[in-house]
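Below is one structure, written out as structure tokens, with a few remarks after it.
None of the figures in this text is laboratory data; all of them are computed from the coordinates on show. Nothing here was measured: the structure is a model prediction, and the numbers come from that model. In this analysis, Cβ positions are derived from the backbone assuming ideal geometry, glycine residues included, and neighbour counts consider all displayed protein chains.
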Amino acid sequence: MNIIRERLRFYIKLTYLCRANFRRSLMMKDFKRFSIPIKGLGTGLHNYTFELNEAFFKHFEASPIHRSEVRFAVSLDKRPDMLVLDMNIEGWYETSCDRCLQVVEMPLEDAFQLLVKFSEQLQEEEADIVYISRAESHLNIAKFVYEYTCLAIPSLKNCEEDRRGERDCDEEVVRHLDEEAVPDEKPDSPVWDALKSLKFDDKK
Ligand SMILES: [Zn+2]
């Protein structure tokens, strides 16, 4: 019974996602270029390159990337049972330094592989694997292009790594932020005392 419920929930989610993506892609002319005609595609390698900038990322509500220049290259290998997408990301985006909040331009460089498998049955979601029906004539990869570019964001963003050349952090701001981060010298507050005095009975 649980398995059926799980499947149903997954199916509803999948239908919702497909509908949302479909609606969105219809609305956005900018997404048309990400639509790959897979049905007529011969087996073997096919290469695509997409230039991305702020105009692309603004379509995604919570995008951490705004001002940017990214070259997103896809090498698509069409095989009988799946499409293998090798993606290469090269570029930069504007953000702020983790230490001093100065505007920096961080490099975006990474490579990922996505498997698009043909399946007529509902499949569990897996990382880096998606399933489509053989009946699909096109594969719109705008969503993947966005998600993988976000994954290329470096974990540390600072002035030293600025693509325009190493810069110094604004030490005055760093000092100010460090002072603000000093913890309260009186950790015992009335609320904390009240919490400590609560007795929990595990045996109930
Ligand atoms: Zn800095």
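Go through K29/K58; K58/K78; K58/K117; K29/K117; K78/K117 and tell me which ones have a Cα-Cα distance over 21 Å in this structure.
On the way: K29/K58 13 Å; K58/K78 31 Å; K58/K117 29 Å; K29/K117 27 Å; K78/K117 10 Å.
Checking Cα-Cα distances, K58/K78; K58/K117; K29/K117 exceed 21 Å.
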Mind ranking 168-175, 109-116, 143-150 by how tightly packed they are, going by the mean number of other C-beta atoms within 10 angstrom, highest first?
-> 143-150, 109-116, 168-175
Could you pull out which residues in the range 95-127 have an amide N less than 19 Å from a spot 7 Å beyond the Cα of E179, following the Cα-Cβ vector?
-> 99-102
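Net charge near S119, counting Lys/Arg +1 and Asp/Glu -1 over other residues with Cβ under 13 Å of its Cβ?
Numbers: positive: K117, R134; negative: D81, E120, E124, E125, E126, E136.
Local net charge: -4.
May I ask you to compute the full-extension gain from A55 to R79, defined as 0.36 nm times their residue separation minus their alpha-carbon distance, rounded to one decimal in nm? Please list the in-between numbers first.
Details: separation 24, 0.36 × 24 = 8.64 nm, distance 3.32 nm.
Taking A55 through R79 to full extension adds about 5.3 nm, to one decimal.
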Charge tally in the Cβ shell below 11 Å around D98, where Lys, Arg are +1 and Asp, Glu are -1, D98 excluded | 0
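With a cut-off of at most 11 other beta carbons within 10 Å, and DSSP calling the residue loop, which trypsin sites (Lys or Arg not before Pro) in the range 28-109 qualify? Please list them. Walk me through the numbers on the way to the answer.
Working: sites: K29, K32, R33, K39, K58, R67, R71, K78, R99; in loops: K39, K58, R67, R99.
Filter output for the range 28-109: K39.
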